[in-house]
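J.: Have a look at the structure that comes next, please.
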Amino acid sequence: MSHPALKLHLAAQGEELGTVTPTQQAVVVEEATVDDLRVAMQAALDDAGLTRAEVEAEARAGRFSSEDARRAWFVISSVADLVDQA
Amino acid sequence: MLTRLERLAKEFAGDLTDLLNQTITHGVRIAAATARPKLCVLGRGITPQNLKSQVIDVTLGRKTASVFFMVAATTEMDRVEDFLAVKQSRIGVYSDSEGRVALCHYDFETKPLNVYPKAHVQVSGTSPALDQLRTKRPDMEAHKLGELHFPVGGRRFRPTLEDVIEMLIVEGIADARPDWESVIAEHRKRWREIQLRAAVRRWPEWAAAALTDLGCQVEGLPQLLAKQRAESAN
């Protein structure tokens with residue numbers, strides 16, 4: 001899944017990037033602020049109907065009460081460091 | 001002007017999009033949100049304020065889908081190697097369009113809070129054989145199939161998105177485009193090269209031993225190992 005890494009390795013070795021495909025060109029990449037991340041975390045928790053502490057407890061146990069809880073953990077574990085450090 | 005993080009995010013998301021649309025889906029777009037200094041979340045429908053990847057219809061055209069798919073990944077820019085390293089990923093197969101009824105899901109997390117394998121698959125369902133087993137865990141009443149974390153190769157050798165797509169096709173769960181095999185083969189080859197290079201960097205002495213067995217002369221290994229030891233000590 002991380003094939004861009006290969007391209008970058010080649011670039012680091014002097015081979016120029018520049019093979020961006022039309023699909024890659026069309027990809028939407030947006031930059032999130034810390035406030036955005038905070039909103040995203042809360043939205044995921046709201047969908048799961050759980051607090052952050054409850055989702056963390058489920059993650060610690062390795063057993064989630066629902067798919068929404070599992071996905072909320074994905075969001076929290078992705079961005080919590082950035083949000084907490086801000 | 002795109003930052004390197006944004007450029008890599010575009011490439012990664014574009015490759016995922018192509019892989020899906022050239023095999024088992026139609027018109028799907030994988031998006032990405034980045035956060036400075038190095039974070040990137042990828043998935044369908046991802047925006048700065050929505051980091052939950054949406055479920056994808058597994059269908060090649062306008063036919064109503066009967067199986068659904070979800071792919072999500074969180075990556076971090078590796079400052080030393082200068083590439084996107086996967087911090088967390090999730091590939092799920094569902095029987096409903098909301099993604100609430102899972103058939104199975106492959107999860108990978110570099111720093112899980114629990115004792116289970118960092119890369120694992122969980123399969124929903126019941127198992128009469130499992131029902132007869134007594135758990136040795138005092139904190140657990142009984143084993144349930146969907147709660148078991150089956151290990152799947154760890155960080156370097158875990159199944160790929162290509163593997164899961166192939167499974168859906170060969171098991172007759174998903175229809176596939178005519179040239180799906182070559183698409184899978186090409187994407188898989190690139191992935192394996194990346195993973196093998198990473199494994200060689202992680203265990204250069206084993207790589208050197210294998211090359212020596214093949215009759216090659218490997219130079220600079222002691223210096224490399226000393227450098228790696230010094231870096232890990234810092």
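J.: Using a cut-off of 11 Å between beta-carbons, work out the net charge of the residues near B:Ser182 (Lys and Arg +1, Asp and Glu -1, B:Ser182 not included). Don't skip to the end; give the middle numbers.
T.: Working: positive: B:Arg177, B:Arg188, B:Lys189; negative: B:Asp179, B:Glu181, B:Glu186.
Charge balance in the 11 Å sphere: 0.
J.: Taking amide H atoms as placed 1.01 Å from N in the peptide plane, list the residues 5 or more away in sequence, or in a different chain, whose amide H sits under 5 Å from that of B:Leu51.
T.: none
J.: Hey, another quick one. Kindly rank B:14-23, A:21-30 from highest to lowest mean number of other beta carbons found within 10 Å of each residue.
T.: Working: B:14-23: 22.5, A:21-30: 15.6.
Packing order, densest peptide first, comes out as B:14-23, A:21-30.
J.: Short version: ³J(HN,Hα) in whole Hz for each residue of the stretch B:84-101, in order, from phi by Karplus 6.51 cos²θ - 1.76 cosθ + 1.60 (θ = phi - 60°), x for Gly and Pro, what are they?
T.: 3J(HN,Hα) across the stretch B:84-101, in whole Hz: 7, 9, 6, 8, 7, 8, 8, 10, x, 10, 10, 9, 10, 6, 8, x, 9, 10.
J.: Still on this model: Please report the spacing between the Cα centers of the stretch B:144-183 and the stretch B:88-112 in Å, no decimals.
T.: Centre-to-centre (Cα) distance: 12 Å.
J.: Please list 3J(HN,Hα) in residue order for the stretch A:77-86, calculated via the Karplus relation 6.51 cos²θ - 1.76 cosθ + 1.60 where θ = phi - 60°; whole Hz, with x for glycine and proline.
T.: 5, 6, 10, 4, 4, 5, 5, 5, 6, 6
J.: Can you give the average number of partner chain beta-carbon atoms within 10 Å of each beta-carbon in peptide A:69-76, as a whole number? Kindly include the intermediate steps, with their values, before the conclusion.
T.: Numbers: counts 0, 7, 10, 2, 6, 13, 7, 1.
For peptide A:69-76, the averaged partner shielding equals 6.
J.: Let me know the mean shielding of B:29-41 by other chains, meaning the per-residue number of their Cβ atoms within 10 Å of its Cβ.
T.: Numbers: counts 4, 3, 4, 5, 10, 4, 11, 5, 1, 1, 6, 4, 7.
Taking the mean over all residues of the peptide, I get 5.
J.: Counting only other residues whose beta carbon sits under 15 Å from that of B:Trp206, what net charge do I get with K and R as +1, D and E as -1?
T.: On the way: positive: B:Arg156, B:Arg197, B:Arg201, B:Arg202; negative: B:Glu205, B:Asp213.
So the environment of B:Trp206 carries a net charge of +2.
J.: List the relative contact order of chain B as a percent without decimals, with contacts defined as Cα pairs under 8 Å and 6+ residues apart.
T.: 13
J.: Hand me the tally of lysine pairs in the protein assembly as shown: alpha carbons under 16 angstrom apart, and the pair either on different chains or 8 or more positions apart.
T.: Numbers: A:Lys7/B:Lys10; A:Lys7/B:Lys189; B:Lys10/B:Lys38; B:Lys38/B:Lys87; B:Lys52/B:Lys87; B:Lys87/B:Lys111; B:Lys87/B:Lys118; B:Lys136/B:Lys144.
Summing the qualifying lysine pairs gives 8.
J.: Could you list the trypsin sites (Lys or Arg not before Pro) in the stretch B:39-69 that lie in coil according to DSSP, counting only those with at most 14 other Cβ atoms within 10 Å of their Cβ? Show your work: numbers first, answer last.
T.: Working: sites: B:Arg44, B:Lys52, B:Arg62, B:Lys63; in loops: B:Lys52, B:Arg62, B:Lys63.
Passing sites in the stretch B:39-69 are B:Arg62, B:Lys63.
J.: Just to be sure I understand the model, the point goes 7 Å from the Cα along the line to the Cβ. What's the resulting B:Glu147 to B:Arg201 distance in nm?
T.: With each label placed 7 Å out from Cα toward Cβ, I get 3.9 nm.
Read the figures in this text as sums done on the coordinates, not as results from a lab. All of these numbers come straight from a predicted model, not from anything done at the bench. Because the Cβ atoms are built from the backbone with ideal geometry, glycine has one as well, and the counts that use them run over all protein chains shown.
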